[in-house]
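Heads up, the thing below is written out as structure tokens.
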Amino acid sequence: MTDQLAARHAFACQIVREAGAAALAFFEARDTLAIESKATPQDVVSRADREVEALVRARIAAHFPDDGIIGEEDVPKPGSSGSTWVIDPIDGTMPFLSGLPHWCVAIALVEGNRTVAAATFAPVSDELFDARLGAGFRCNGAPRVVSTTLELTGAMTAIGASHRTPVETVSGTLSRLMEAGGIFYRNGSGAMMLAEVAAGRLAGYFEPHMNAWDCLGGLLMVEEAGGCIEAVAMDAMLSEGGRVLAGAPRVYVPLARLCSMN
Ligand code: LIP
């Protein structure tokens, strides 16, 4: 691991907390936020998303001016360093706007075709999840690993969905999961649910289509926590998103089988 990666990883853990504090202030004043629909009524944004992303972008530009940036709410910033930051300023926009606690700020760092560092901060529960390639996964600084005991049957598996997901894909997956004795879970923040898989709380995660900023950090966390993930094609994921599948060791194969029957 290079010193440059260690510095960027530490920086990510620092700015995700700062961004989370700014997001929490908007959360506490959410009734004042004007909500705008993007692609569909389920795909919304507010000033909170834009201003939190602008804060993170400004911090990165000040400390790592040659790094690229890809974020949910603004145009990509090309870089020349080989490092690209991928930002979701508020993942779990619907829970955020509904006054529910399940939302987070998610930051990932990509080099080449690999995610090499990630930091996800959930301000309401004050939990900072982070990972660095080859250096493990942590929750509030303490090393954590995926569950080695959870099975698909009798445990909670998260299934994500959005306006980009065909309804029949989700309904078919839910039916098969429940027929297999699994328990369906969803809280509206894919980044947070992937971190919960890494932390050993959820058995697995499947979503037919996610954007890079929703999932890249969480996928690294699951890998570094000893879980299994479906490999992503990085260029395609960064440009158009893709399918996300992750699970604890005893869950991944049966979950992959169940999700591939669509
Ligand atoms: C969310 C994703 C999640 C999906 C939600 C939503 P957002 O992103 O993280 O995977 O299931 O519907 O799209 O829009 O809250 O940043």
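The values are calculated or read from the model by the stated rules, or taken from the named source; none is laboratory data. The shown structure was predicted, so the numbers you read here are calculated from the model rather than taken from an experiment. All Cβ positions, even for glycine, are placed from backbone atoms using ideal geometry, and neighbour counts span all protein chains on display. Side chains are part of the model used for accessible areas, which takes the heavy atoms of the whole protein and leaves out ligands, DNA and RNA. Shrake-Rupley method; radii C 1.70, N 1.55, O 1.52, S 1.80 Å.
Go through (1) open to solvent by 50 Å² or more (accessible area, probe 1.4 Å); (2) touching a strand residue (DSSP E or B) at 6+ places or on another chain (Cβ under 9 Å); (3) of a type in the set (A, V, I, L, M) for residue 193 and report which single condition fails.
(1)
What about residue 22, is it touching a helix residue (DSSP H, G or I) at 6+ places or on another chain (Cβ under 9 Å), open to solvent by 10 Å² or more (accessible area, probe 1.4 Å) and either in the same structural domain as residue 166 (by TED's automatic domain parsing) or not in a helix (DSSP H, G or I) (or both)?
Values: touching a helix residue (DSSP H, G or I) at 6+ places or on another chain (Cβ under 9 Å): yes; open to solvent by 10 Å² or more (accessible area, probe 1.4 Å): yes; either in the same structural domain as residue 166 (by TED's automatic domain parsing) or not in a helix (DSSP H, G or I) (or both): no.
No.
In contact with a His (Cβ under 6 Å, 6 or more places away or on another chain) and in the same structural domain as residue 122 (by TED's automatic domain parsing): which single residue out of 65, 95 fits that description?
On inspection, the qualifying residue turns out to be 95.
Yes or no: residue 135 surrounded by 20 or more Cβ atoms within 10 Å (Cβ to Cβ), among the small types (Gly, Ala, Ser) and within 14 Å of residue 118 (Cα to Cα)?
Considered against the rule, which asks whether it is surrounded by 20 or more Cβ atoms within 10 Å (Cβ to Cβ), among the small types (Gly, Ala, Ser) and within 14 Å of residue 118 (Cα to Cα), residue 135 comes out as no.
To keep it simple, each residue is scored yes or no on (1) in contact with a Cys (Cβ under 6 Å, 6 or more places away or on another chain); (2) in the same structural domain as residue 241 (by TED's automatic domain parsing); (3) surrounded by 14 or more Cβ atoms within 10 Å (Cβ to Cβ).
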site: 110; (1), (2), (3): no, no, yes
site: 149; (1), (2), (3): no, no, no
site: 163; (1), (2), (3): no, yes, no
site: 168; (1), (2), (3): no, yes, no
site: 180; (1), (2), (3): no, yes, yes
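Quick check on my filter: what residues within segment 145-171 are assigned to a loop (DSSP other than H, G, I, E, B) and not hydroxyl-bearing (Ser, Thr, Tyr)? Full working, then the answer.
Pass one, segment 145-171, residues assigned to a loop (DSSP other than H, G, I, E, B): 145-155, 160-166.
Hits for segment 145-171 are 145, 146, 150, 151, 152, 154, 155, 160, 161, 163, 164, 166.
Residue 32 is checked against (1) away from the ligand (no atom under 16 Å from the Cβ); (2) among the polar types (S, T, N, Q); (3) in contact with a Gly (Cβ under 9 Å, 6 or more places away or on another chain) and fails just one. What number does that condition carry?
That leaves (3) as the condition not met.
If I ask for residues that are charged (D, E, K, R), over 11 Å from the mean Cα position of the chain (by Cα) and within 11 Å of the ligand (Cβ to nearest atom), which ones from segment 175-229 would you list?
Result: 186, 207.
State whether the residues of segment 179-193 include one that is modelled with pLDDT under 95, part of a loop (DSSP other than H, G, I, E, B) and under 21 Å from residue 261 (Cα atoms).
No, there is no match, as no residue in segment 179-193 is modelled with pLDDT under 95, part of a loop (DSSP other than H, G, I, E, B) and under 21 Å from residue 261 (Cα atoms).
Residue under question is residue 130, and the condition is that it be within 19 Å of residue 86 (Cβ to Cβ) and away from the ligand (no atom under 16 Å from the Cβ); does it hold? It would help to see each step written out before you state the result.
Working: within 19 Å of residue 86 (Cβ to Cβ): yes; away from the ligand (no atom under 16 Å from the Cβ): yes.
Judged against the criteria, residue 130 is a match.
With the structure loaded, tell me whether residue 54 is touching a strand residue (DSSP E or B) at 6+ places or on another chain (Cβ under 9 Å) and not assigned by TED's automatic domain parsing to the domain that holds residue 239 or whether it fails that test.
Answer is yes for this residue.
Which condition does residue 104 not pass, out of (1) within 15 Å of the ligand (Cβ to nearest atom); (2) in contact with a His (Cβ under 8 Å, 6 or more places away or on another chain); (3) open to solvent by less than 20 Å² (accessible area, probe 1.4 Å), if it passes all the others?
It fails just one condition, (2).
Return a yes/no flag: does segment 74-88 have any residue that is open to solvent by less than 50 Å² (accessible area, probe 1.4 Å), in contact with a Cys (Cβ under 9 Å, 6 or more places away or on another chain) and under 21 Å from residue 186 (Cβ atoms).
Yes: one or more hits.
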